[in-house]
Each structure stands twice: as C-alpha cells, then as structure tokens.
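Take a look at the structure set out below.
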Amino acid sequence: MSEGRVVGVDVGGTSTRALAVELDGTLVGRGRSGGGNPNSHPPELAAKRVAESVREALGDGGSARACLLGMAGESKFTDPEIVGLFEATLRQVGVTCRIDVVSDTEVAFASATAEPNGTIVLGGTGAAAARIVDHRQERWVDGWGWLLGDEGSGYWIGREAVRCALRTLQAGEAPGPLAQAVLTEALPTSSGLDKRTINRLITAVNAEPPIRLARFASMVSTLAETDPLAGEIVARAAEHLAAHALTARDPGEQTPVVLAGSVIGPDSPVGRALRATLSAKISAPILFAPDCAVGAAWLAALSVAGPDAPRPKV
C-alpha cells in the first residue's frame with residue numbers, strides 16, 4: 001500500500017473535529033476547534049478553525065496526501081472565493097494536497113459501516129436522509145432548513161414543544177410538565193400565569209433567532225415518558241424521520257441504515273422510537289454513527305489507496 005497520511009475533517013456549525021491517519025489505518029492524531037461551517041460563520045473564521053483542527057491532528061510540520069472535509073451545505077464550495085480562501089488557509093498549516101469537500105451524510109455513513117451503499121438519517125438541529133451509493137450521496141430527502149422543512153429535527157421538536165404550551169394556555173388549561181418547562185425557560189423572570197402569559201411567550205420566542213427553538217427539544221426528551229404531550233412529539237418526530245429514510249431507499253432494499261445526530265442517538269427517546277419504527281418496516285441492519293471524523297478520514301484514504309484502504313484504527 002502507498003505510504004503517507006491523510007486527514008479527514010467533520011466540519012460542524014458548533015465544532016470541528018479532524019482525524020489524521022496513516023494509509024494502513026494507524027492513528028496519527030486528532031484535532032478540534034470551533035464551528036467551521038461557512039454557512040454558519042464568516043468564511044474567514046470558518047477556514048481558520050478548520051485549519052486549526054487539521055494542524056493539531058497532523059502535528060507541527062505534518063503533511064497529508066489527501067484532505068477531505070465533510071459538512072452540511074457543501075454546495076457553498078461552488079463559490080470560487082470560498083474554495084480559494086479555504087485552500088489558502090490550509091496551505092498555511094502544511095496541507096498542499098487537493099482538498100475535497102463532501103456532504104456530512106457521506107462521512108456519517110462511512111463512520112458506521114464499510115458498506116458502500118445504504119441509507120443515512122441525520123437528526124440534529126436539522127434533519128435529512130440520503131441514499132448512499134458507492135460512498136456518495138445519490139438521493140436526498142428534506143434537509144431544507146428550519147423555515148422550509150427539517151421535520152423531526154431538534155428545531156422541529158422544540159417548536160412543537162412551544163406550540164403545545166400555547167395550545168394549553170389558549171384552552172385555559174393548567175400547564176402540564178412540558179408546558180411548564182417551556183414557560184420556565186422562555187420566561188424566567190415571570191411572576192406567574194395571567195392573561196398576558198400567551199403574548200409574553202410569543203414575544204419572547206419571536207425575539208430570538210428561530211433556530212434557538214431547538215433548545216426546547218431536550219425538555220421533550222426528558223419528559224417523554226412522563227408527559228403525554230412530550231411522548232406524542234417524540235412519536236411524531238420518529239415518524240417523520242422514518243418517512244425520510246423510507247423515501248430515500250429503494251423498495252425492498254436491505255442495505256444498512258445509519259442514524260446520526262444528537263436527536264436520534266442510541267439513548268435518546270426519538271432514536272429508540274425511530275429504530276423501532278424502522279425495524280417494523282424494513283429488514284436491514286440499523287446502526288448508529290460514532291465519530292464522523294473517522295468516516296471523513298476513511299473516505300480520504302479511499303481516495304488515495306483505493307477500495308482496499310483499511311478503516312482507521314481508533
């Protein structure tokens with residue numbers, strides 16, 4: 001096998017993680033930095049953070065034969081200025097090879113299985129599903145962002161929690177555990193319930209960036225087993241995500257389904273419900289993605305060493 005090392009980067013909106021490995025799969029190093037997605041941060045800052053994580057993974061004076069970035073909204077790299085900025089910044093930390101950018105769905109799927117084909121479901125702040133063919137995204141479902149879609153996502157779940165609270169108040173009912181948790185979070189200085197509570201809640205939520213609604217999702221997970229309204233939201237979220245997965249797959253397909261993201265982790269209520277829903281509808285392995293940087297590093301190795309490149313030994 002060819003000599004050298006490669007680096008793969010899982011570029012997120014809140015954090016960036018890099019993994020450098022030898023072509024035999026041996027771990028070289030790890031790196032971490034803040035959010036490096038240029039869709040979420042100023043491009044100069046995003047590029048700087050990606051370069052920081054790569055430099056830490058490779059070590060001072062390290063070089064790479066391949067560098068692969070996995071991120072949501074990779075279409076941003078159709079802009080030559082963005083491409084040039086990231087290339088120039090990475091050159092400063094010793095990356096002189098070609099830089100490939102792929103979808104976060106591809107690195108997440110590759111992190112969980114060596115199979116080249118299957119389905120990936122992403123459930124984090126946003127939500128999407130994709131069909132993977134020969135390690136690349138072929139078919140994409142949802143992932144349209146908070147305004148147009150992302151059904152079953154952390155944003156969607158948080159919004160539903162607030163809507164449940166509003167419906168409870170408008171009906172003149174006493175808030176249950178979920179509605180009370182929403183009110184406590186959104187109106188921490190409130191002195192109690194009165195006729196203006198509905199308006200205060202609407203005003204407080206609308207005064208923040210819409211994506212901030214995702215913070216209410218954790219309340220739904222915590223209360224899923226004790227509050228019927230929270231349990232109903234969890235069930236509907238799982239149904240939406242399962243529908244995304246089934247839409248992405250071909251009928252009768254038996255390739256693996258990989259679940260990735262904090263909302264659908266193995267210990268989360270939505271993850272458990274989603275796994276149960278999918279298991280009842282398809283006959284295929286259902287896996288959870290570990291560190292997506294592992295998938296990025298392996299895809300980088302495949303681009304150099306071909307299909308026999310071993311998976312990273314981490």
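Here, each number is a calculation from the coordinates, and none is a lab measurement. Bear in mind the structure is a predicted one, so any value in this text is a computation, not a measurement. Positions of Cβ are backbone-derived with ideal geometry, glycine not excepted, and every protein chain shown enters the neighbour counts.
Quick check on packing: order 103-111, 124-132 by the mean number of other C-beta atoms within 10 Å, highest mean leading.
Numbers: 103-111: 28.0, 124-132: 26.1.
So the peptides 103-111, 124-132, ranked by packing, come out 103-111, 124-132.
Here are several values of Rg/Rh (Cα atoms, Kirkwood Rh): (i) 0.95; (ii) 0.92; (iii) 1.03. Which one was derived from the coordinates shown? Given (i) 0.95; (ii) 0.92; (iii) 1.03, the calculated one carries the label (iii).
The stretch 116-284 gives an Rg/Rh value of 1.05, both radii derived from C-alpha positions and Rh following Kirkwood. Each of the peptides 294-307, 11-24 was scored by the mean count of other Cβ atoms within 10 Å over its residues; in descending order, highest first, they stand as 294-307, 11-24. Please identify, among ASN117, ASN39, ASN199, the residue showing maximal mean-square fluctuation in a Gaussian network model of the chain using a 10 angstrom Cα cutoff. Highest fluctuation among the options: ASN199.
Sort out for me the Cα centre separation of the stretch 1-70 from the stretch 137-199, rounded to whole Å. Each part's Cα centre sits 37 Å from the other's.
Where Lys and Arg each count +1 and Asp and Glu each count -1, what net charge lies around ILE211 among other residues with Cβ under 14 Å from its Cβ? Please list the in-between numbers first.
Numbers: positive: ARG159, ARG212, ARG215; negative: ASP150, GLU208.
So the surrounding residues net to +1.
Once the C-beta distance of GLU87 and LEU27 is scaled by a Förster radius of 41 Å, the resulting FRET efficiency is 0.95 to the nearest 0.05. Over all other residues within a Cβ to Cβ distance under 10 Å of SER190, the charged ones net out to +1, with Lys and Arg as +1 and Asp and Glu as -1. Here the peptides 95-102, 151-158, 236-243, 286-293 are ranked by packing, the mean other Cβ count within 10 Å, and the order with the highest first is 151-158, 236-243, 286-293, 95-102. Once you list every other residue whose beta carbon is under 15 Å from the beta carbon of GLY143, what net charge do they have if Lys and Arg are +1 and Asp and Glu are -1? So the surrounding residues net to -4. Mean-square fluctuations from a GNM of the chain, with a 10 angstrom spring cutoff on Cα atoms, peak among GLU225, GLU208, GLU138 at GLU208. Straight-line cross-link partners of LYS76 among the lysines, defined as a Cα under 22 Å from its Cα and at least 8 positions apart when in the same chain: LYS48.
Return, ordered by residue number, the residues of the stretch 137-163 whose backbone nitrogen is under 20 Å from a label point located 7 Å along Cα→Cβ of GLU239. Taking a point 7 Å out along Cα→Cβ of GLU239, the residues of the stretch 137-163 whose backbone N falls under 20 Å are 142-143, 149-163.
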